[in-house]
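One structure is given here, and the rest of the page talks about it.
The values are calculated or read from the model by the stated rules, or taken from the named source; none is laboratory data. These numbers come from a predicted model, not from an experiment. Cβ placement follows ideal geometry from the backbone for every residue including glycine, while neighbour counts extend to all protein chains displayed. Ligands, DNA and RNA are stripped out before the accessible areas are found, and what is left, the full protein with its side chains, is counted by its heavy atoms. Shrake-Rupley method; radii C 1.70, N 1.55, O 1.52, S 1.80 Å.
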Amino acid sequence: MEIRHLLIVSLFLSSLLHGDGGITSSFIRSEWPAIDIPLDHHVFKVPKGYNAPQQVHITQGDYDGKAVIISWVTPDEPGSSKVLYGAVQGKYDFVAQGTYSNYTFYKYKSGYTHHCLVSGLEYDTKYYYKIESGESSREFWFVTPPDVHPDASYKFGIIGDLGQTFNSLSTLEHYMQSGAQAVLFLGDLSYADRYQYNDVGMRWDSWGRFVERSTAYQPWLWSAGNHEIDYMPYMEEVSPFKNFLQRYTTPYLASKSSNPLWYAVRRASAHIIVLSSYSPFVKYTPQWRWLDEELKRVDREKTPWLIVLMHVPIYNSNEAHFMEGESMRAAFEEWFVEHRVDVIFAGHVHAYERSYRISNVRYNVSSGDRFPVPDKSAPVYITVGDGGNQEGLAGRFREPQPDYSAFREASYGHSTLEIKNRTHAIYHWNRNDDGKKVATDEFVLHNQYWGKNIRRRKLKKHYLKSVVVDWVSS
C-alpha cells in the first residue's frame with residue numbers, strides 16, 4: 001500500500017513539473033452579489049466602551065519571528081499606547097510602550113493609530129495581551145512561530161484582494177477554519193478607494209473591524225496593491241499609500257529595507273520576500289538594490305523555503321490585467337531562477353491560477369525563445385486574487401490555455417501552504433462553494449534547494465514517508 005502511494009505521488013509530481021495539458025475549470029460562481037456589506041451589519045460592530053481599542057491587528061516585528069507589532073485604533077482620543085502581555089492568561093508580567101499618530105484624508109479625520117513593538121519573545125509560545133484605553137480594555141492572544149530551522153513545520157494561509165463583501169466574509173470564515181498560523185496577504189485590502197470623500201476613511205475603518213477576528217490573533221504579513229495607492233487629485237489627496245501606511249506597518253528596517261512597502265522576514269523554515277508592484281523597481285532603484293542584497297542573505301541551510309509575494313502576477317492568462325506584470329518579470333525573473341525561488345504568490349486578478357515551473361529568461365527582445373519554456377530551476381507562480389471584493393470575479397481567461405498554465409478557475413477562495421520539512425510542503429487552493437470550503441487544487445511542492453541538493457541523501461527516510469502518508473490521508 002505504501003509503495004502504491006509513493007508511486008501515485010511520484011507520477012503526480014512528474015505531471016506537475018513537466019505538464020500534460022493545463023486545466024481550465026468551468027466552475028464559475030458568485031455566491032453573493034459583489035457589493036459591500038452595509039455598515040450597520042454586525043461584522044463591523046464597534047467594541048463596547050468609550051474610546052475602546054478597535055481594528056486590532058498584528059504582524060511580525062523582526063527578521064526572525066521573536067517579535068510582533070501590535071496595532072490598533074482609538075477613535076475619540078489617544079488613550080494609552082501600552083500593551084500588557086504574558087504567557088499566562090490574565091497574568092500580564094510584561095509591558096511594551098508604543099506610539100500613536102493620526103491623520104486627515106480630505107475632510108475625514110482618522111482615529112489615533114497605535115503601533116507597539118513587543119520583542120524578546122520565546123519561540124513556539126502562546127502569549128496573551130491586553131490593550132487598555134481609560135476604563136475600556138480588550139484582551140487577545142497570539143502564538144509565536146517555532147525557531148528558525150530547516151525542518152520547522154508551519155502552515156501559511158494565502159489571501160488576496162479581500163474587500164468587505166459577503167463573499168469576502170465567506171473567504172475569511174473559511175480561512176479561519178484552515179488551521180493556518182499566519183497569513184501571507186497579497187495586497188488590495190479594503191477597496192475603500194472605490195468610495196469618495198469621507199467615505200474612503202470610513203471604509204478603511206470598517207475593514208479594520210471586519211478582519212480583526214483573525215488579525216488580532218495571528219500575524220498577517222502585508223503587501224500593498226493598487227487599491228492601497230489612494231491617489232485622488234480631485235480631493236487634493238496625492239500622497240500614494242497614505243491610508244495604508246498610517247494604519248498598517250511592516251518590519252522593513254529589520255531586513256535593511258528603506259521603505260515599508262518592500263521587506264523580508266524569516267519564519268520557521270521559510271524566508272519570505274515581499275515586493276511592491278507599484279514602487280520603482282527597475283535597475284538602480286532602491287527596491288532593485290535591496291532585493292539584490294536580500295537574495296544574497298538567504299541561507300537555504302536554515303530557511304530552505306524561499307517564498308516571494310507581490311501584487312501583480314508575472315504570469316497570468318486572464319484577460320484581466322494581462323501582461324501588467326511583464327516589467328517586473330523583465331527586472332527580476334532571472335534572479336528568481338538563479339536563486340531557485342520555490343513559489344511566487346500574487347493577487348490582482350480576481351480569479352485563481354497556478355503555473356508549471358517555467359521561465360522566459362532566454363528571451364531578450366532581439367533574440368532567444370519567444371515563449372516561456374519548462375525550467376526546473378524556476379518558481380511555481382500562483383495567483384490568489386479571489387478573496388471576494390466588490391469588483392467581482394475575472395471570468396474571461398484567454399484561449400487557448402497557455403502551455404505554462406496548469407490550472408485556472410474564476411471562483412472565490414483562499415490557499416494554504418503547509419510546510420512539512422525541508423523537502424516537501426502541501427499546497428491547497430480552497431474554493432468557496434455553497435458556503436463550504438472545497439479543496440479544489442492541491443499538490444505536493446518539492447523544495448528547490450533540498451529537493452535537488454546532493455545533501456538531501458543524508459536525510460532520514462522518515463521525512464518523505466511522513467509527508468506522503470499525511471498527504472494521502474488528508
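Structure notes:
- Between residue 301 and residue 119, the simple label model (points 7 Å from Cα in the Cβ direction) yields a spacing of 2.7 nm.
- Helical mean residue ellipticity (222 nm; -39500 (n - 2.57) per DSSP H run of 4+; nearest 500) of the chain: -6000 deg cm²/dmol
- Coil-residue GluC sites (Glu not before Pro) of the stretch 124-176, DSSP, other Cβ within 10 Å capped at 12: 135
- For the stretch 341-393, the C-alpha radius of gyration sits at 1.41 times the compact-globule guess of 2.2 N^0.38 Å, with N the residue count.
- In nm, spacing of pseudo-spin labels at residue 259 and residue 132 (7 Å Cα→C-beta vector): 4.1 nm
- Charge context of residue 318, other residues only, Cβ under 9 angstrom, K/R +1, D/E -1: +1
- The chain shape via C-alpha gyration tensor axes, a/c threshold 1.5: prolate
- Of 82/130; 109/130; 66/302; 48/130, pairs whose Cα-Cα distance is over 18 Å: 109/130
- On the beta carbon distance between residue 371 and residue 94, with R0 = 51 Å, the FRET formula returns roughly 0.35.
- Cross-link partners of residue 242 among aspartates and glutamates, defined as those whose alpha carbon lies under 20 angstrom from its own and excluding same-chain residues fewer than eight positions apart: 161, 188, 193, 199, 205, 228, 230.
- Charged neighbours of residue 305, selected by a Cβ distance under 9 Å, balance to +1 (K, R count +1; D, E count -1).
- Spherically averaged projected area of the stretch 150-228 from its Cα convex hull (nm²): 5.6 nm²
- For the stretch 125-135, backbone phi angles converted through the Karplus equation (6.51, -1.76, 1.60; θ = phi - 60°) give residue-by-residue couplings of 9, 8, 10, 9, 9, 10, 10, 10, 9, x, 8 Hz, Gly and Pro being listed as x.
- Against the chain, whose longest principal axis comes from its Cα atoms, helix 286-297 is set at around 60 degrees.
- Volume per residue for the stretch 183-261 equals 90 cubic angstrom (convex hull of Cα atoms).
- Angle in degrees between helix 198-215 and the longest Cα principal axis of the chain, rounded to the nearest 10: 70 degrees
- In loop segments of the stretch 204-272 as defined by DSSP, the trypsin sites (Lys or Arg not before Pro) with at most 15 further C-beta atoms inside 10 Å of their C-beta are 256.
- Within the accessible area of the stretch 148-446 (1.4 Å probe), percent carbon and sulfur: 48 percent
- Per-residue Karplus couplings for the stretch 152-164, computed as 6.51 cos²θ - 1.76 cosθ + 1.60 with θ equal to phi - 60°, are listed in order as 6, 7, 6, 10, 9, x, 10, 9, x, 6, 6, x, 8 Hz, Gly and Pro entered as x.
- Dipole size of the stretch 53-118 about its Cα centre, with +1 on Lys/Arg Cβ and -1 on Asp/Glu Cβ: approximately 140 debye, rounded to the nearest 20.
- Derived scalar couplings ³J(HN,Hα) [the stretch 51-65; Karplus, 6.51 cos²θ - 1.76 cosθ + 1.60; whole Hz; x for Gly, Pro]: 6, 4, x, 9, 6, 6, 8, 10, 9, 5, x, 8, 7, 10, x
- Loop-located trypsin sites (Lys or Arg not before Pro) in the stretch 277-312 whose Cβ has at most 16 other Cβ within 10 Å (DSSP): 283, 302
- Residue-count net charge about residue 128 - beta-carbon cut-off 12 Å; Lys, Arg +1, Asp, Glu -1: +2
- Candidates 240, 220, 444 compared by Cα position along the dipole of the stretch 148-446: farthest toward the positive end lies 444, with charges placed on Cβ.
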